[in-house]
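The structure appears below as structure tokens.
The values are calculated or read from the model by the stated rules, or taken from the named source; none is laboratory data. Quantities reported herein were computed from a predicted structural model and do not represent experimental measurements. With ideal geometry, Cβ positions are generated from the backbone for all residues, glycine too; neighbour counts draw on all protein chains shown. Surface areas here come from the heavy atoms of the whole protein model, side chains and all, with no ligands, DNA or RNA. Shrake-Rupley method; radii C 1.70, N 1.55, O 1.52, S 1.80 Å.
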Amino acid sequence: MEKRQSGTSSLLLNKDDLMVIAGAGGFVAGALARYFHERGFTRIRAIDKKPLPEWYQHVPGVESLCLDLSEKENCVRACEGAVEVYNLAADMGGMGFIERFRIECLRSVLINTHMIEAACRAGAQRYFFSSSACAYNTELQKDPNVRALKESDAYPAMAERGYGWEKLFSEMVCQEYWAERGMKTFIARFHNVYGPHGTWDGGREKAPAAICRKVIEAKDRGKKEITIWGDGTATRSFMYIDDCLKGIDMIAHCEDLIATPINLGTSELVTVNQLVDIVEDIAGTKLHRNYDVTAPRGVAGRNSDNTMIQRILHWGPHTPLREGMAKTFAWIEQQYADRKAGKRTVI
Ligand code: NAD
């Protein structure tokens, strides 16, 4: 029986089909496990190499395994009986991490290589891979007033060193598993995901969370200033986690998108300075900005062209940045207070 049609979501799947979610101790995959659980899926296997107490989210009723998925045998174990596999496991972080630890980023290629083979051998019907906007040609991102990146802009290839090349290579692996082995693979290029239950301190955090934390810290310590990485003029778009989850679900169940990389991001372009304005406004404060131009800053500008997702899914991420940031700020503020009070936090 054909369970679903093009452009539909997991709602038409059997609720006891086994879903395997890799990287579920982290931000997006942890939220994805909760998303499917809340939609009534009874067999979800969540996997991460982090010890269980360090996972950002624990979803009751979800099988949670601590396995290093860069090892082939662990991938075989992870994919046993899987109907759908979502690979979001990767060694990654914000610019500070991906510019400094290129080898770690490149080694994530082992995860996708073993996971996709294990999924295929296990007879999985669908395989989702989380790629990144870092796979795009960096030559097209040298100006803050960038033209939004469309899917064809990944080639000719000049991805971001380390992390971006790993994503681009793994995308190709996914495409070939469809072409040669007939496994349905799906590839979304995420553009900066943010929201509650993400990394907010410790070196892997990204700009939205880092700025929230710095503003909260400044307020708490009575400081009147913060340090911003770069000169504040770089531009990006930021996608709220709920949009990312819905997008993953729609993309992974759309027959028109098999083996076809697609942008998953908003097209609401802002400068880093504008992002700080938003956070200050939410916090009800105004701080002096010191710009650290020696800090890692990535490309000058990057935005998502959503023509393709609108055309195929008749949908696109739409949560306004101000709205998503207010929820994120409130969550980080609570984490900050909990940590100060000696309570356990997700970081
Ligand atoms: P995250 O760091 O919070 O989660 C990734 C998880 O993968 C971590 O919990 C980590 O422990 C786990 N992991 C790493 N190596 C592993 C291994 N060998 N075996 C098992 N687990 C392993 O990151 P995230 O923000 O949730 O990102 C999820 C995916 O989305 C990643 O593939 C990332 O590259 C991609 N992505 C994220 C963003 C973003 O803005 N968050 C943007 C573009 C792409």
Worksheet item: Mind listing which trypsin sites (Lys or Arg not before Pro) in the range 253-339 are in a DSSP loop and have 12 or fewer other Cβ atoms within 10 Å?
Response: LYS286
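Relative contact order for the chain: what is it in percent, counting Cα pairs under 8 Å that are at least 6 residues apart? The partial results should precede the final answer.
Details: 747 pairs, mean separation 66.7, N = 347.
This gives 19 percent for the chain.
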Worksheet item: Sequence-distant or interchain residues sharing an amide H contact under 5 Å with TYR291, placed H: which?
Response: ILE228
Worksheet item: Say each of LYS223 and ARG39 gets a label point 7 Å from the Cα, pointing the same way as Cα to Cβ; how far apart are those two points in nm?
Response: 4.2
Worksheet item: When the accessible area of the range 152-293 is computed with all protein chains present and a 1.4 Å probe, what percentage of it is carbon and sulfur?
Response: 51
Practice prompt. Could you sort out which of LYS142/LYS206; LYS50/LYS72; LYS142/LYS167; LYS214/LYS246 sit more than 26 Å apart by Cα distance in this structure?
Written response: LYS214/LYS246
Worksheet item: Calculated from DSSP H runs of 4 or more alone, at -39500 (n - 2.57) each and per residue, what is the 222 nm mean residue ellipticity of the chain, nearest 500?
Response: -11500 deg cm²/dmol
Response to the item:
Evaluated at 4 °C and 1.567 mPa s, the Stokes-Einstein D of the chain based on the Kirkwood radius over Cα pairs, in µm²/s, stands at 63
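How much length is gained if the chain between ASP256 and GLU323 is pulled fully straight, taking 0.36 nm per residue apart and subtracting their Cα-Cα distance, in nm to one decimal?
Working: separation 67, 0.36 × 67 = 24.12 nm, distance 3.15 nm.
Result: 21.0 nm gained on full extension.
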Item to complete: In whole angstrom, note down how far apart the Cα centers of the range 85-133 and the range 242-278 are.
Response: 18
Worksheet item: What distance in nm separates the simple spin-label points at ALA179 and GLU139, each placed 7 Å from Cα in the Cβ direction?
Response: 2.2
Practice prompt. Arrange the peptides 32-43, 258-269 so that the one whose residues have, on average, the most other Cβ atoms within 10 Å appears first.
Written response: 258-269, 32-43
Response to the item:
For the range 82-228, the per residue accessible area (1.4 Å probe, Å²) is 41
